[in-house]
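**Q** Please see the structure below; I have some questions.
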Amino acid sequence: MSHDAVILAAGGSRRLGRPKQLLTRDGETLVARVTRLVLATRPDRTIVVVGARCNEVATTLAAFDVQIIVNELWSTGMASSVRLAAAELAGRGRATLVTVVDQPALEASHLSALLSAHEDAAHEDDRDTVTAYGNAAGIPAILRACTLSRAIELEGDMGFRGLFSDMTPRSVRADELDDDLDDDADLRRAIAAGLVDDPRLPPRA
């Protein structure tokens, strides 16, 4: 399926107390890891929105063929990043894969499942396709162009869930993505599960 991609990597990780973008899994930063997984889906265009620690985050992506956009308003919440990406992709008229960096259990197989579900059902059921986990649903998601174009409506930390006003999106379940990296307890669980390297240990050679 022809699609674009957006990676939201601008947050300040206030509750965690360290930039989650620069945490590592098997020696690879989380922002580089999700970028690699997203690029494996062969998007036509890939945008990474950075903000906090933007220079360090951008440096880890030097080897990837992506467009980096700096969100100067990153501290106002995720909505400002979504608006920037939507403005950059305006008029392209294709579906957009949207991901974040703080789901260390994400694998390429789930992104492929999302894209397949969206493509297979699009001719019968024109809806966005999101990830279901626990009792919630959200990112990673495939947004239709008409949904992404409404991002100007978003404010603060609303995220793109506020865009699903016309109909309930279809979903692909991935309960392993329910655990993100909001605080130190989340980080400890991720380390124990082998999903994140312990930042207190020296980097792997």
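What follows is calculated from the coordinates using simple rules that are stated; it is not laboratory data. Given the structure is predicted, the values throughout are model-derived calculations rather than measurements. Don't worry about glycine lacking a Cβ; one is built from the backbone with ideal geometry, like all the others, and counts go over all protein chains shown.
**Q** Identify which of the listed values of volume of the Cα convex hull per residue in Å³ was calculated from the structure shown: (1) 151; (2) 116; (3) 186.
**A** (2)
**Q** Compute the length gained on full extension between ALA117 and GLU88: take 0.36 nm times their separation in residues and subtract their Cα-Cα distance, giving the result in nm to one decimal.
**A** Full extension of this stretch gives 7.9 nm more.
**Q** Still on this structure, please answer the following. Treating the angle as unsigned and between 0 and 90°, give the value, to the nearest 10°, between the Cα long axis of helix 78-89 and the longest Cα principal axis of the chain.
**A** So the inclination is approximately 60 degrees.
**Q** Follow-up. Grab the DSSP H runs of the chain that are 4 residues or longer, score each as -39,500 (n - 2.57), total them, divide by all residues and round the 222 nm result to the nearest 500 deg cm²/dmol.
**A** Calculated at 222 nm, the ellipticity per residue is -8000 deg cm²/dmol.
**Q** Something else now. How would you rank CYS54, CYS146, going from fewest to most other Cβ atoms within 10 Å of each one's own Cβ?
**A** Ordered by Cβ neighbours within 10 Å, fewest first: CYS146, CYS54.
**Q** Hey, with R₀ at 30 Å, roughly what FRET efficiency would GLU176 and GLU153 work out to, going by the Cβ-Cβ distance, to 0.05?
**A** Once the sixth-power term is evaluated, E becomes 0.45.
**Q** Which residue, ASP44, ASP128, ASP102, tops the fluctuation ranking in a GNM of the chain built on C-alpha contacts under 10 Å?
**A** Comparing ASP44, ASP128, ASP102 in a Gaussian network model of the chain, the most mobile one is ASP44.
**Q** Tell me which residues come under 5 Å, amide H to amide H, from ALA141 once H is placed; ignore anything under 5 positions away on its chain.
**A** Placed amide hydrogens put VAL98 under 5 Å from ALA141.
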